[in-house]
Each structure stands twice: as C-alpha cells, then as structure tokens.
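Visitor: Okay, handing you the structure first.
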Amino acid sequence: MSNQPAKDGIPLRSPQDAAGAAAAAVALPREAVDEAVVANRSASRHTTAEAEKRLRRRYAAQRRFKAYGITAIAIAVGALLWLLITLLANGLSAFQQTYIRLEVTLDPALVDPRGDRSEESIRTGDFGGAIRQALRERFPDVVGRERLRNLFGLLSSGAEFDVRDKVLADPSLIGTKQTFWVLASTDVDMLRKGFFERQPDGGAGGRLNAEQVAWFDQLKAAGDLDLRFNKRFFTNADSREPEMVGILGGVVGSFLTLSVCLVLCFPFGVAAAIYLEEFAPKNWFTDLIEVNINNLAAVPSIIFGLLGLAVFLNFFGMPRSAPLVGGIVLALMSLPTIIIASRAALRAVPPSIREAAYGLGASKMQVVLHHVLPLGLPGMMTGSIIAMAQALGETAPLLMIGMVAFIVGIPKGLTDSATVLPVQIFMWADNPERGFVEKTSAAILVLLAFLLTMNAIAIFLRKKFERRW
Amino acid sequence: MSLTLFFVLLGLTVASFWVGRQHAVSLRNGGARLHSLPSYHGTYVALVCGLPAALLLLAWISAEGWMIRQFVIAGLPDEFKQLPDGELALLMTDVRNMAYGAVPLDTSRPHIVSAVEHYNRLRGLSKVLSWLVILAVAIAGFVLARRMIAPEFRARNAVERILNVVLIISSSLAVLTTIGIVLSLVFEALRFFARVPVTEFLFGLTWSPQTAIRAEQVGASGAFGAVPLIVGTLVISVIAMLVAVPVGLMAAVYMSEFMPGRIRAVVKPILEILAGIPTVVYGFFAALTVAPLVQSIGMSLGLNVASQSALAAGVVMGIMIIPFVSSLSDDVINAVPQSLREGSYGLGATQAETIRLVLLPAALPGIVASVILAFSRALGETMIVVMAAGLAANLTINPLESVTTVTVHIAMLLVGDQEFDSAKTLSAFALGLLLFVVTLGLNIIAQRVVKKYREQYE
C-alpha cells in the first residue's frame, strides 16, 4: 500500500516517518489526492450527499489545522525577523559617527603651556580652547555667551582628545594651522543620521535649537560635517557621552570572564562525564549526582548570582566586579550543560571500540583515556562551545556580583574591575538618551555576531568530526 | 603573584614527570622488567608532586583573604573592634581597597593607615609562606614518589587509582554547587526570617523594603509581603505561556507531521536561534519596541495601558520560550510509536484527526512536562522583566498594568552597594530561596512525568 487512496474514498496512509512524509509530499500533494477522491466518486454508500459533505468538512478541518501550523511558524519566524530588523535599523548607523572639519590653529600658548613640547606639557594643554577658537573663526558673527555656548554645543566634550593625540604623535604640528575632523556632539550626530525630527520652530529632536540646526545645515552644505567610520566604538570603553562610548571594555571583560569559565568547567565537566558514563557504579550516590545535574541545569541563572554573592564575595572575600568571580559563577552554571553534552558524546562512541581495546589487554582507564575519550572529544568541544555561547550572553548572575559598575578603563587582569558585553548593553539600555539607543543596538549586533561565530564553529566542528559508526 | 607560583608548580610537575620517566627508562635499560610502562612511573611522580600542592594552593587562595582580615581586625585599636558588623565591614573594605591600591591611601585617618600597613605586611608574609609551604609539599611529594620507582612498583594501578579519585571529585562538583546554593540561600533567608516572620513574607500583601531609615527600625518598618511579587511573576509567566504554548506546540506538530524534511532542516534551526538570543537583547527589544507598541495599540482602543505593561514583557518572554516548547514537544511527538499513527490512518482518519485525537493525547504527558519546564523557565527569567516590567509592587492581575516580579526585586535589591545585614538585602535571599524551591519543584514534577511516560511506551 503506497500513498494511494483506497477505493471507498477513505485515505490510507503508508507507514511514514519524516523521510517518508517528505517523499510522499514530493510525489503528490495531499490536497490534490483528496480532491480527486471526492471528484471521482464511484457508486458506494460512502459517496452519498451527506458523506460527501462530511468528507469535505473533514478536509476543510485538515486544511485549517495546517494553516494553524503555518501561522505558528510564521509568528515565530516573524518575531525573529522583527527583532533583527529593529536592531539593524537602530544599530547599523552606530558604526559611523558625525565629525566636523575645522581649521585649528595650534597656538603654542594654549596647547603647550610649558613651551617645551614634552608629553607632560602637551597632556595639560587646552586643546578644547583651540578647537573652540577654530569654531568661532568658522562662525565669526556669533557673539554673546548664550549663543557661543550653543555653538560649542555642536562639539563633543571628547573632541579635543583626537586633536591632542595627533599632536602627541607629532609635536612639530604645534604652532601651525591644521585641518582636523573633530567629534561632533551626540545631538548633531542624531540629526545627521535622521533620528531627530525637525520641528516647526526650526529646532530638532527637542535638543537642538533653530540656530544650531542652521549652523548644522551650513556646515553640512560646505562639506565640513560628515559621517566617518566610528573607530572609537571598537577601541573605547564606557563613557557618559553616547558619541564617545566603545565596546572594547566589555569585550575584553567578556573574554577574561569566559576564559576563566572555560578553564574551570571544561576539565571538570569532561572528567565528571567520564566518571558518570564509564565508571560510575549504579548506587544511591551516582543517582544523586545524576538527579542533581539535571536539576542544576534548570536552576534560574539569577540563583547562581546569589550563590556567587554569598559564597565568593561575602564568604571568601573575593573582589567585586572581577572577571575571576564572574568566570567561576558562569563555570558553575555551565557545568551541567557541558556534562550533559559530554556524556552524550561518550555514549555515541560504539561499544565495539571499548571491546576491541579490552581484547588487546587494556585496563579500564586505558580504554577510556586512550580510545573512548579521543573519539568523544569533538562532541565534547562542540558542547562546550555552545555552553560558552550561552555563558557569553548571560547577564543576570553577573549583575549580582557587581559587574554592573561604570568602568571607563579597559580591564587588564582577572581581578580588575570589569564589565562584560551583555551587562554593558544592559547599562546603556537604561539610558534614555537617543544616542544610547543606537549604541546599544550596535553593541547587541556585535554580541550576536560573536554568538553566531561561536555557533558556526560548533557546527563546523560537528560536521568535520562527525562519524557514523 | 599566586599565578607565578602556579606556573612554577606546573613547571615542577612537568619536570617531575620527566625525571620519573627517565628513571624508569634507565631501570629498564639496566635489564629490569618493569611492571608498568615508564610513562606511568613519570605520571605517578608528577601527580604525587603536583596534586597535593595544587590543592593546597587553592585552599590557601580561598582562605588567605579571610585569615588576613581576621588578623587585621584583631590588630585594630579597641574602639574599632567594638563597631557593629556593618560598619566594621565597611572599614575593612576601605582598608582592603587601599591595600590593593584601588583607592588612594586616606592619610587623614591614622588607624586606617596602620591597618593598611598591617594588611600589606600580612599579605607579604602570606606570600612568602605560601611559596615556602607549597614548594616544600611539592618537593616532598616528588622525593617520596621518586623513591617508589622500582621494577615491581605498580605505577599504572596507582595512577589509575588517583585518576579515579579525581574523576569522582569532579563529578561531585555538581552536588557541591547544589549544596552551596541551598546553604547560602537557606542561611541568609533564615537571618531574614529571624526579623520578618515567614507567614508575613508568604502572605503579606504589601512589598516596600525601602522604608528602613534608622538602623534600629530595620525590619520593623519595611513591609515584606511577597504576594504582589508572586502574583506579578505569575501574571507575566502566564502571558508568556499563552504566547509560547500554542505557537510552540502548533509549530512542533506542523514541523514533525507535515513539513518536508528539507524545509524542516532550515526552519528548525531558525526557530532555535530564538533560544540562543541573550535575554538582555529581548529585554531591550521589549522596552524599546514592544512596550510602546502595546501602549499605542491600547490607546487607540481607548484602554489605559501602562508604559511598562505586563503584557509587553510577557509577550516578549513568550517569544523567547517558543523554541523550548517546540523542541521539547517535537521530541515527545516523535517518540509516539509509529503503530498508533498507522492504526489511526488505517481507520480512515485524516492527518489532522490523527494528530488531534491520537498523537496529542498519547504525547500529552510529555507535552505537559515540556510546558512545566517552560513555565519554570519563565518564572526564573530575569533580564526581560528587569528591563521591560515595572518596579512598583502592584497587586493586580490586569495585564495592562505595570507589575513586578520576584527576579526583578532580587536583582534590584542586590545591584550596587549594600549593607549585608539589613532586612532589605536579606529579603533578596528569601525571594531567591522561594524561586529556587518553586522551580526545583516544577522541575522534579516534569522529570517524574517524563519518566513515567517513557516507561509507558518501552
């Protein structure tokens, strides 16, 4: 009996599995068969008017049922697309930042107060003053405190650092007039990127007044205001100003934390899996461990944060906000995942390998360490990468151990105060300024890119080392 | 500092492996018949040299901070020793930060300066001692193990015994973690319940931990009734389940029964991406996009919707949970024996009828278990609700209003600096214990159900 309907018009279905269903669907669409049955009825008590009506109703129910399924999948996929499109629409622009071109006179009196062109002298120089002077020269008709303050408001408070760094790199610039692209303020940036709407009174976004917008248009028309690649976003850490923030602090923090996590949970996870899968006798203790691991995998992550706070910070007195503690907490959290994945990998190694090794006189430990473990290792690595990807996205437990601090520096060691990328996202998301929405979305895009890469590596490893026995 | 010691220890271990192996090789070359291969002799020496020393190093690092703290406190002038616990802890935090150079030395307070000096002296002493003791242990282990090497020494069996112990210890780590969780939660929660009665915590209708102004009022004045938080958690979780269960279940049914294999191989991973997206991203999405959308839709219908409505947080959480429901249900639906499907088709049922009347009832226990697991996940979810749900503990079941959850308050109470003794801080642990017990209970129930169901078809 294949996919042919029986003579009396009631559809019969051959034994099917996923592959069989696929083949059947390719051979003949289900509905086509159903309609054909109704159309080509032969004389039978199953083809009276009522039976036909009943049959049509049942087929309609079948179509409705399929429509529900398709709707459900469409909702899920649509939600994913909606999320991604929102993030892309808000975040892609953050990889560029608005800069203003200015002719800055590097007056030695301002930028080199001691006059010896030494690094210390230049570091104390008033580059902000030099830039503001340049902006006044650009708009000579602006006078009055209020208007000048508005004019200087076009620039970021971080604008001077770019100029200073260039001068530090080449002190011979002092005393000359140079063209610099300096960082614009976040409001100007938002206007340039079209996130601020122009208001009827000539202002924009409720943050820029009419005159500032006029200056903006003037600069833009002259080509002195443009978007350039936002290098700062990849080299800076946190900041109070959205135009100056960067993700490097969070990325380094995440890297340090995950390193600790991996170093701790991979060896212990694999060892635990080996014991439970290969050596453990069946008794109450191993049962307890198994039940434990399964339950631990379902404990809410914030509980691990409480554990870290109570045990590692308060009992052992470890430093707050440190990648070391974050890594330990995440390791405890990832341990069940790695153990479960590693056990599955060991279970996939066929018994014939073990028996062959025993047959050659290997001890139990030799069988496991020399033969089973190397064959299971790719699977364990895949599982560990996936567990690390989960740990990379984890936020809640790290809030508990104080990794939520505002940290401008980039962490250098395992006990430095640090934050991680997801927590950085959380902190920026809390900020109402429009510029931060863009930067938060961009940081999320970077985080998702990392996760995607890790998962791709895991899939690659699985494909490359997958063996069918 | 301890990192250097660690690497020295590692070098020593590698060296002792090599020495042990060489010795065994020379014995063999001298004509002896070894019981074990030379590398086992080497491994034995390395393990005996490195393992106890490494454990000691670990213990040293864990205990060092606490020991130094006790000594510094003992060395403080008497008037400081009598300080209440909280103030003493603050003082010691200052001392510690200054000793580590995280905070510049406060020279205006002489007792602090002397405490910092004492602290640094002890740290130096501890460093010297740790080097001496740990290297002594390592070398003693090395010498001892080196002397064991002999042709008849069963090095392989000894190494395997040690490895076996290491494996057992590794697998008990999971148990230790659970014990750690239970102890830390129970211990802190008991301190909380010493100030606030359990019944008030579980049945009280107002939650406002912020009222403690004067120290002697702590716990007496704040209201710690967790009912609004529990109800808020349930409201958001139920909304999430209302989204996730129908969508996840129908998606799973459609994928396993109707979808051709090739399309399924594409769609299933796409759905699973939803589970891989970090929750902080969902939280941002909920707060930025979904909550304003829900609010404006509500407004256009003439409803009064809070800007941080339970509905928005719940819907986004539901989206997050879809893949849990669908992949778990997929497993159970696939586990239903093929003969049940065939029997149904043989009686003339359509696919939809087979699914509705045969497959789903047969898979029901498994589906229920997956829904329970998903629900327990919704209860414990933190970031979405921290970012998209409110803070005010309203006792309401109206999904359009702002509610708050247990996890939001655990996070809010413990983020930032806290005094560790106030009822406010401790209440977070009581909430944590509640959450742990409930999710654990749900989990155990789900596992029972799955186990029973499996036996049915085996």
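Visitor: Under 26 Å between alpha carbons, and skipping anything fewer than 8 positions from residue B:424 in its own chain: which lysines qualify?
Guide: Cα-Cα hits under 26 Å: B:81.
Visitor: What's the center-to-center distance, using Cα atoms, between segment B:132-152 and segment A:319-382 in Å?
Guide: 30 Å
Visitor: Given segment A:248-465 reduced to its alpha-carbon atoms as identical point scatterers, what log10 I(q)/I(0) does the Debye formula return at q = 0.12, 0.15 Å⁻¹?
Guide: -0.70, -0.98
Visitor: Would you mind estimating how fast the protein assembly as shown diffuses translationally, via Stokes-Einstein at 37 °C and 0.692 mPa s with the Kirkwood radius over Cα pairs, in µm²/s?
Guide: Once the numbers are plugged in, D ends up at 101 µm²/s.
Visitor: Which of the chymotrypsin sites (Phe, Trp or Tyr not before Pro) across segment B:4-106 are loop residues per DSSP, with 16 or fewer other Cβ within 10 Å?
Guide: B:100
Visitor: Let me ask something additional. Please sort through the DSSP H helices of chain A and keep those with an alpha-carbon extent of at least 18 Å along the long axis and a Kyte-Doolittle average not below 1.6. If you can, show how the numbers build up before the last one.
Guide: Numbers: long enough: A:49-91 (61 Å, 0.34); A:248-274 (38 Å, 2.14); A:323-347 (34 Å, 1.57); A:373-393 (30 Å, 1.21); A:434-465 (47 Å, 1.14).
The qualifying helices are A:248-274.
Visitor: Using only Cα atoms, tell me the angle between helix B:261-276 and the longest principal axis of chain B; keep it within 0 to 90° and round to the nearest 10.
Guide: On a 0 to 90 degree scale, this one is about 70.
Visitor: Whole-Hz Karplus ³J(HN,Hα) for segment B:234-245, in order, using 6.51 cos²θ - 1.76 cosθ + 1.60 and θ = phi - 60°, x for Gly and Pro?
Guide: 5, 4, 5, 5, 5, 4, 4, 5, 5, 7, 6, 5
Visitor: Just to check, using Stokes-Einstein with a Kirkwood Rh over alpha carbon pairs, what's the diffusion coefficient of chain A at 10 °C and 1.306 mPa s in µm²/s?
Guide: Working: Rh = 28.4 Å.
Here the translational diffusion coefficient equals 56 µm²/s.
Visitor: Let me ask something else about it. Please express the shape of segment A:128-227 as an equivalent ellipsoid: the semi-axes are the square roots of 5 times the eigenvalues of the C-alpha gyration tensor, given largest first in whole angstrom.
Guide: Numbers: eigenvalues 135, 44, 26 Å².
In descending order, the three semi-axes are 26, 15, 11 Å.
Visitor: Right, something else. Among the lysines, select those whose C-alpha is under 25 Å from the C-alpha of residue B:127, and discard any that sit fewer than 8 residues away in the same chain.
Guide: Residue B:127 reaches A:412.
Visitor: Sorting B:72, B:266, B:280 on the 10 Å Cβ count, fewest up front, what's the list?
Guide: Ordered by Cβ neighbours within 10 Å, fewest first: B:266, B:72, B:280.
Visitor: Give the average over all directions of the projected area of the C-alpha convex hull of segment A:70-135, one decimal, in nm².
Guide: 7.2 nm²
Visitor: Follow-up. Taking segment A:152-224, which GluC sites (Glu not before Pro) meet the DSSP loop condition and have no more than 16 other C-beta atoms within 10 Å? Write down the numbers at each step before the final one.
Guide: On the way: sites: A:160, A:197, A:211; in loops: A:197.
Counting only loop positions with at most 16 other Cβ atoms within 10 Å, the GluC sites (Glu not before Pro) in segment A:152-224 are A:197.
Visitor: If the cut-off is 24 Å between C-alpha atoms, which lysines fall inside it for residue A:282, apart from same-chain ones fewer than 8 positions away?
Guide: A:364, B:451, B:452
Visitor: Let me know the charge dipole size of the protein assembly as shown about its Cα centre in debye, to the nearest 20, where only the beta-carbon of Lys, Arg (+1) and Asp, Glu (-1) is charged.
Guide: 3080 debye
Visitor: With labels modelled as points extended 7 Å from the Cα through the Cβ direction, what inter-label distance (nm, one decimal) is found for residue A:316 paired with residue B:81?
Guide: 3.0 nm
Visitor: As I understand it, the dipole of segment B:2-153 uses +1 on the Cβ of Lys and Arg and -1 on the Cβ of Asp and Glu, about the Cα centre. Which of B:90, B:103, B:51 lies farthest toward its positive end?
Guide: The residue sitting farthest along the positive end of the dipole is B:51.
Visitor: Also, quick follow-up: Determine the gain in length on full extension of the stretch residue A:467-residue A:95; use 0.36 nm per residue of separation and subtract their C-alpha separation, reporting nm with one decimal.
Guide: Gain on extension, residue A:467 to residue A:95, equals 129.7 nm.
Visitor: Skipping prolines and chain starts, which residues have an amide H placed within reach, meaning under 5 Å, of the one on residue B:207, given they are 5 or more residues away or on another chain?
Guide: Amide H neighbours of residue B:207, under 5 Å, 5+ apart: B:225.
Visitor: Per residue, how big is the convex hull of segment B:223-457 when only Cα atoms are used? Give it in Å³.
Guide: Dividing the Cα hull volume of segment B:223-457 by its residue count gives 141 Å³.
Visitor: Just want the answer: with Cβ charges of +1 for Lys and Arg and -1 for Asp and Glu, which residue in B:62, A:296, B:408 is farthest toward the dipole's positive end in the protein assembly as shown?
Guide: Working it through, the farthest residue towards the positive pole turns out to be A:296.
Visitor: Do any chymotrypsin sites (Phe, Trp or Tyr not before Pro) in segment A:151-201 lie in a loop, going by DSSP, with at most 12 other beta-carbon atoms within 10 Å of their beta carbon, and if so which? Intermediate values should be presented prior to the final figure.
Guide: Details: sites: A:152, A:161, A:180, A:181, A:195, A:196; in loops: A:195, A:196.
Those that pass, being in a loop and sparsely packed, number zero.
Visitor: To continue, here is another question. Treat segment B:78-200 as a sphere of radius equal to its Kirkwood radius over Cα pairs and apply Stokes-Einstein at 37 °C in a medium of 0.692 mPa s; give the translational diffusion coefficient in µm²/s, rounded to a whole number.
Guide: Working: Rh = 20.3 Å.
So the translational diffusion coefficient is about 161 µm²/s.
Visitor: Continuing with the same structure: Please quote Rg/Rh for segment B:337-446 to two decimal places, taking the Kirkwood radius as Rh and restricting both calculations to Cα atoms.
Guide: Taking Rg over the Kirkwood Rh, I get 1.24.
Visitor: Could you tell me the extents of segment B:1-103's C-alpha atoms along the three principal axes, largest first, rounded to whole Å?
Guide: Cα spread of segment B:1-103 along its principal axes, largest to smallest: 74, 23, 17 Å.
Visitor: Also, I was wondering about something else. Please report the base-10 log of the normalised intensity I(q)/I(0) for chain B, using a Debye sum with one equal scatterer per alpha carbon and no solvent, at each q in 0.11, 0.12 (1/Å).
Guide: So the normalised log intensities are -1.07, -1.11.
Visitor: For segment A:138-157, list residues with backbone N below 20 Å from a point placed 7 Å from the Cα of residue A:240 toward its Cβ?
Guide: It comes to A:149-157, nothing else.
Visitor: Test of understanding: what is the full-extension gain from residue A:46 to residue A:107, defined as 0.36 nm times their sequence separation minus their Cα-Cα distance?
Guide: Values: separation 61, 0.36 × 61 = 21.96 nm, distance 10.06 nm.
Value of the extension gain: 11.9 nm.
Visitor: A follow-up question, please. Helix-only estimate, please: 222 nm mean residue ellipticity of chain B, summing -39500 (n - 2.57) across DSSP H runs of length 4 or more and dividing by its residues, to the nearest 500.
Guide: Values: 18 runs with 345 residues, N = 458.
Here the helix-only value at 222 nm equals -26000 deg cm²/dmol.
Visitor: Here is a further query. Enter the Cα centre distance for the pair segment A:253-268 and segment B:284-318, rounded to the nearest angstrom.
Guide: Here the two parts' Cα centres lie 38 Å apart.
Taken together, the values in this text are just the output of simple stated rules run on the coordinates, not laboratory data. If you're wondering where the values come from, they're calculated on a predicted model, not measured in any experiment. No Cβ is skipped: glycine too gets one built from the backbone with ideal geometry, and neighbour counts run over all protein chains shown.
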